[in-house]
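Everything below concerns the one structure shown next.
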Amino acid sequence: MATVLKNEINNALNNDNLTGALGRFGEAYLPAREKAYEGKDFEATREKIAQIKSHAAENMEALAQQFLAQAEKNGAKVFRAKTGQEAKEYIAKLITEHNVKSVIKSKSMASEEIHLNDYLLKNTDVNEVAETDLGEWIIQLCGQRPSHMVMPAIHMTRGEVAEIFSKETNQQLEPDIAKLVKVARENLREKFLKAKMGISGANIAVAETGTLVMCTNEGNGRLTTTVPPIHVVLVGLEKLVAKFEDVGPILEALPRSATAQKLTTYVTMMSGSTPAIDLDGNIVEQKEMHIVLMDNGRTEMREDPLFKQALQCIRCASCLNVCPVFQKVGGHVYGDVYTGGIGTILTAFLNSFEKAGELQNLCLRCERCKAYCPGKIDLPALITELRRRTVKKEGMPLGQKLILEKVLTNRKLFHSLIRTASVAQKPFVKGNTIRHLPLFFSGLTEGRSLPAVTDKPLRDRVGRSVPKGKVKARVAYYAGCLGDFVYPEQGEAAYKVLNKMGMEVVFPLEQTCCGIPASQMGAPEVAVKLAKQNIEALEKENVDYIVSLCPTCIEVLKHHYLDHFKDDPAWRARAEKISAKMVDFPSFVAQHGQDLQFNKLSTSVTYHDSCHMKRALGVWQEPRELLTKAGVTLTEMKGCDDCCGFGGSYSIKMPEISKAILDKKITNIEDTGANVLALDCPGCKMQIAGGLDAKGKNIRVRHTAELLAEAIKE
Amino acid sequence: MTAVQDKAEKSYNEATGAALYDRFKASAELLSAEVHRAANMEEARQLVTQIIKDLDTPKVVYAPSELMDTLDVKSIGQAAGVTMTAENLRQQAADAGLGISQLDYAIAEIGTLAGNANSIESRMVSILPPIHMAVIRTKNILPNLLETIATYNEKLGELPRYLTFVSGPSRTSDIERVLTIGVHGPGRLIIVFID
């Protein structure tokens with residue numbers, strides 16, 4: 001990976017202002033958003049928005065034509081710009097024709113996308129193009145880029161702002177926020193009154209009525225569209241919707257998801273040209289209104305069968321607000337105008353595919369953004385697809401390719417290598433953890449111990465196991481790589497509980513890696529091979545259920561396999577049968593283990609929700625109920641469903657970010673005072689137990705199955 | 001009376017106006033707006049006079065409109081001893097202490113005002129001065145945003161070219177996420193309902 005990105009990451013992680021401001025915002029955002037949505041049906045609203053926006057994307061060209069006709073009927077001039085360059089040239093021409101010396105702008109991401117201000121200053125005689133959104137103005141004055149789509153200067157402190165404003169106004173200003181805001185009002189007010197042209201963006205463009213909808217809080221949007229006698233709107237084709245009534249659901253969600261407001265202070269809906277007062281004080285009955293409807297990669301996006309989904313974005317930036325990586329590194333690391341998860345996708349189409357190919361590495365795949373997206377965009381899936389295309393285009397490092405194609409698809413070779421590793425690691429093992437690895441592997445154990453590979457994997461410890469008394473059902477145990485070779489004791493615990501529930505349990509020996517590392521590294525053909533091997537291995541046993549302790553494996557076998565074979569009906573039918581039998585351990589025990597009797601454990605426990613168990617499988621109540629039944633005292637931690645920073649190979653690729661996220665998790669765990677951390681994911685266990693061990697903390701990490709097995713009455 | 005007004009009146013009556021008003025007041029006050037109510041035109045004149053006197057500002061700008069004319073806001077202000085103007089607003093509104101304009105609807109659920117702002121006067125007086133007073137008829141309170149959009153949607157041919165929605169005074173949280181009232185727009189929003 002480019003060292004530039006790595007440097008940016010390290011700079012961001014070491015910037016206390018940034019991580020402090022972002023972290024505080026991230027924590028305050030969720031409860032505030034919750035409150036703003038009180039009494040609203042978020043699922044129903046986002047379903048409507050997804051329909052509105054996908055319909056609009058489908059009919060983009062027809063809607064653009066309808067919008068143009070309607071807006072021109074209402075006295076506006078519409079220019080269709082194919083590229084950013086065309087948009088810039090058109091606006092520059094207007095400035096020259098009207099001899100404009102001073103321009104004011106209200107926030108427009110589209111103008112950031114094409115670096116409009118720079119262009120106008122270099123290519124026209126304009127003296128000033130002033131941003132008027134407070135955050136944008138701060139950023140403009142200090143020559144930075146916005147770090148967040150909605151809150152561009154979120155990374156700066158009042159002290160820094162005071163310094164910047166002091167320099168601009170030639171006076172010594174105190175770091176007092178109210179006073180700084182007043183300085184901005186006074187300074188920008190002069191600019192509003194002398195500007196001949198105002199440039200704004202838009203949040204929605206309605207084809208039916210030629211209406212542009214704009215949301216602002218400060219009032220700069222109203223001033224920009226009211227005071228100067230010439231108004232230019234720069235709007236991307238993705239903002240189009242078909243009907244005026246489509247505005248409703250979008251306005252219900254946009255401010256709530258963006259800033260946890262029920263509505264922004266000002267919402268302005270402009271359907272054509274309106275009167276203005278020119279600089280000499282004369283009334284102009286119909287002012288010049290120019291609408292630049294910009295494509296710049298949007299049609300290409302629309303024509304992509306997968307990525308057209310990203311056009312459902314309403315630019316609320318909630319995917320940034322809930323992203324554990326964004327909270328740690330902020331927007332500048334993304335290096336372009338659009339930041340965070342959606343920014344990675346937009347960057348690929350609107351700016352640079354290569355850049356986006358690098359950025360997709362930042363995603364942990366914790367799925368949190370997907371749960372909050374008001375446009376119902378499956379961002380994690382789009383990012384995986386971006387990864388796949390990057391690999392296809394640029395190829396995979398040879399070593400990685402070799403491992404995936406030659407080793408992972410050959411189960412016997414793969415497993416024998418793991419067994420060899422268990423011997424080779426011996427010099428580094430203390431107890432059953434690895435604290436330090438030599439040379440270039442050392443990053444892996446930075447701030448986190450690794451668990452040792454067991455010398456006797458689960459497949460050598462268990463086999464077919466029958467319960468005492470009547471058999472209720474036959475269950476196949478799917479271990480997953482970590483469950484088989486790193487944490488066999490979890491599997492033994494699960495066996496004990498399942499037997500006690502009256503289940504006959506078998507271990508299909510030909511089961512192998514579920515394939516997620518291959519999918520994540522952009523090698524779907526390897527993932528398909530592994531899927532077939534697992535399906536065959538599991539079919540042979542003729543079982544009623546397939547139970548696993550690993551939520552990621554379950555998600556893969558239950559859902560991804562169906563996708564792998566969507567164009568292969570024979571394998572799809574086989575995958576469906578397997579999918580129907582897959583069930584996670586806590587749900588299975590909650591459903592079939594109602595007769596289980598427990599001794600009271602009386603340990604104090606806090607529970608960590610793994611991303612995939614909670615958000616991919618929707619399981620979070622069951623383990624809590626089971627643990628309570630086993631007599632533990634459960635204390636909830638702050639951010640119990642915040643990602644631990646593991647993310648599979650992520651912790652190897654992005655160890656710095658992974659560790660920063662892990663540190664926050666550990667603090668939250670410690671604050672509960674619990675002796676035991678319970679969880680339901682071997683990956684999370686590896687990450688968190690490793691972090692606790694490296695810090696020398698005396699908190700045990702146990703899988704729910706282990707605690708239940710410990711409490712079970714013989 | 002237009003169909004739009006008919007609908008507003010009907011919904012007001014059905015959901016009992018008092019409840020809608022109370023709901024609006026609570027929502028708007030959460031956004032730091034100041035909400036007043038007058039039982040009739042005469043009471044409204046007294047209320048507006050009092051507010052202007054209390055503000056103690058030499059110059060007030062206003063935007064003529066149907067309700068503003070009925071209220072005769074110009075005479076009220078002059079009687080209170082302030083300069084009242086509705087002209088040359090690029091200059092006058094910029095240094096006035098108060099701007100007064102009419103808005104058409106109030107949205108109870110979220111404390112928002114909405115209305116036709118085609119006239120340049122109504123936009124200048126509501127956004128440039130540090131204080132904005134909005135006058136509105138109490139019968140025009142709608143329950144929520146979706147119904148307001150639907151109300152305009154019924155008469156798309158009459159859709160104002162500049163339709164504005166205002167929720168409280170101007171605000172920002174752009175520095176350290178600290179809420180600060182009064183940035184580019186007014187720092188106070190005073191709403192006067194007239195029954």
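Rule-based calculations on the coordinates, nothing more; no lab input. Just so you know, these numbers come straight off a predicted model, no measurement behind them. Cβ: placed from backbone, ideal geometry, glycine included. Neighbour counts: every protein chain shown.
Phi-derived couplings, Karplus 6.51 cos²θ - 1.76 cosθ + 1.60 at θ = phi - 60°, listed residue by residue for segment A:241-247: 10, 6, 10, 4, 5, 5, 4 Hz, with x used for Gly and Pro. Taking the charge dipole of the protein assembly as shown about its Cα centre, with +1 at Lys and Arg Cβ atoms and -1 at Asp and Glu Cβ atoms, the residue from A:L707, A:N59, A:Q70 reaching farthest to the positive side is A:L707. Principal axis extents of the Cα atoms in segment A:630-714, from largest to smallest and rounded to whole angstrom, are 45, 25, 24.
About its Cα centre, what dipole magnitude does chain B give when the only charges are +1 on Lys and Arg Cβ and -1 on Asp and Glu Cβ, stated in debye to the nearest 20?
260
For A:A473, nonlocal amide neighbours, meaning residues 5 or more places apart or on other chains whose placed amide H falls under 5 Å from its own, are A:E504. Selection among A:L413, A:L364, A:V213 by position relative to the dipole of the protein assembly as shown gives A:L413 as farthest towards the positive end (Cβ unit charges, Cα centre).
Give me the dipole magnitude in Debye, nearest 20, for chain A about the Cα centre, with unit charges on the beta carbon: positive for Lys and Arg, negative for Asp and Glu. List each step's numbers first, then the result.
Details: 93 positive and 86 negative charges, 407 e Å.
For chain A, the charge dipole is close to 1960 debye.
Residues whose amide H falls under 5 Å from that of A:I277, counting only those 5 or more places apart or on a different chain, are A:V284, with hydrogens built in the peptide plane. Ellipticity at 222 nm from helices only: DSSP H runs of n ≥ 4 in the protein assembly as shown, each -39500 (n - 2.57), divided by the residue count, give -13500 deg cm²/dmol.
Based on the alpha-carbon gyration tensor of segment A:272-396 and its eigenvalue square roots a ≥ b ≥ c, which shape applies: rounded if a/c is under 1.5, prolate if not and a/b is larger than b/c, or oblate? The shape class here is prolate. Relative to the longest principal axis of the Cα atoms of chain A, the long axis of helix A:682-694 makes an angle of roughly 90 degrees. Evaluated on segment B:95-137, the Kirkwood hydrodynamic radius is 10.8 Å, with distances taken between all distinct Cα atoms. Residue by residue, segment A:521-530 carries 3J(HN,Hα) couplings of 8, x, 10, x, 5, 5, 4, 5, 4, 5 Hz when phi is fed to the Karplus relation 6.51 cos²θ - 1.76 cosθ + 1.60 (θ = phi - 60°); x denotes Gly or Pro.
For the cross-link pairs A:K262/A:K308; A:K496/A:K664; A:K6/A:K328; A:K40/A:K376, the ones whose C-alpha atoms lie over 23 Å apart are A:K262/A:K308; A:K496/A:K664. The dipole here belongs to segment A:3-298: it is taken about the Cα centre, uses +1 on the Cβ of Lys and Arg and -1 on the Cβ of Asp and Glu, and is about 140 debye.
Computed from Cα positions, the angle between helix A:655-671 and the longest principal axis of chain A comes to roughly 70 degrees. How far is helix A:569-581 tilted, in degrees, relative to the longest principal axis of the Cα atoms in chain A, given as a value from 0 to 90 rounded to the nearest 10? The angle comes out at about 70 degrees. For A:K77, the aspartates and glutamates whose Cα comes closer than 14 Å to its Cα, not counting residues fewer than 8 places off in the same chain, are A:E288.
Between A:K393 and A:E89, the modelled labels are 2.6 nm apart [label points 7 Å from Cα along Cα→Cβ]. In segment A:170-320, one over the average inverse separation of all distinct C-alpha pairs is 17.5 Å, which is the Kirkwood hydrodynamic radius. Residue-wise HN-Hα couplings along segment A:338-350, as the Karplus relation 6.51 cos²θ - 1.76 cosθ + 1.60 with θ = phi - 60° gives them from phi, are 8, 10, x, x, 5, x, 4, 5, 5, 4, 4, 9, 9 Hz; Gly and Pro carry x.
In whole angstrom, the protein assembly as shown maps to an equivalent ellipsoid with semi-axes of 58, 29, 26, each derived as √(5λ) from the alpha carbon gyration tensor and ordered largest first.
Applying both filters, DSSP loop and at most 15 other Cβ atoms within 10 Å, to the trypsin sites (Lys or Arg not before Pro) of segment A:517-587 gives A:K540, A:K566. Label-to-label distance, A:D595 versus B:A39, with points set 7 angstrom from Cα along the beta-carbon direction: 7.5 nm.
Quote the relative contact order of segment A:272-387 in percent (integer), defining contacts as alpha-carbon pairs under 8 Å separated by 6+ residues.
23
Taking a virtual spin label 7 Å from the Cα of A:N282 along the C-beta vector, which residues in segment B:61-100 bring their backbone nitrogen under 19 Å of it? Answer for this model: B:87-92. Taken along the Cα-to-beta-carbon direction at a fixed 7 Å, the label points for B:A80 and A:D118 span 5.1 nm. By the rule of a C-alpha distance below 16 Å, with chain neighbours fewer than 8 residues away ignored, the lysines paired with A:K101 are A:K93, A:K122, A:K191, A:K194, A:K196. Amide H to amide H, with H built 1.01 Å from N, A:K77 comes under 5 Å of A:M289, A:H290, A:I291, counting only residues 5 or more places away or on other chains. Average projection, convex hull of the Cα set of segment A:544-629: 6.3 square nanometres.
For segment A:3-298, the calculated P(r), taken from all Cα-Cα distances in 5 Å bins from zero up to the bin holding the longest distance, is 1, 5, 11, 14, 17, 17, 14, 11, 7, 3, 1, 0 percent. Straight-line cross-link reach from A:K456 at under 19 Å between alpha-carbon atoms covers these aspartates and glutamates, not counting any fewer than eight positions away in the same chain: A:D484, A:E489, A:E492, A:E510, A:E706. For chain A, what does the relative contact order come out to in percent, with C-alpha contacts under 8 Å and a separation of six or more? Value for chain A: 12 percent.
Cross-linked pairs A:K392/A:K558; A:K600/A:K713; A:K406/A:K529; A:K401/A:K653: Cα-Cα separations exceed 20 Å for A:K392/A:K558. Using all pairs of distinct alpha-carbon atoms, the Kirkwood hydrodynamic radius of chain B works out to 17.0 angstrom. So for segment B:3-194, if I pair up every lysine 8 or more residues apart or on another chain, how many of those pairs have alpha-carbons under 15 Å apart? Total qualifying Lys-Lys pairs in segment B:3-194 comes to 6.
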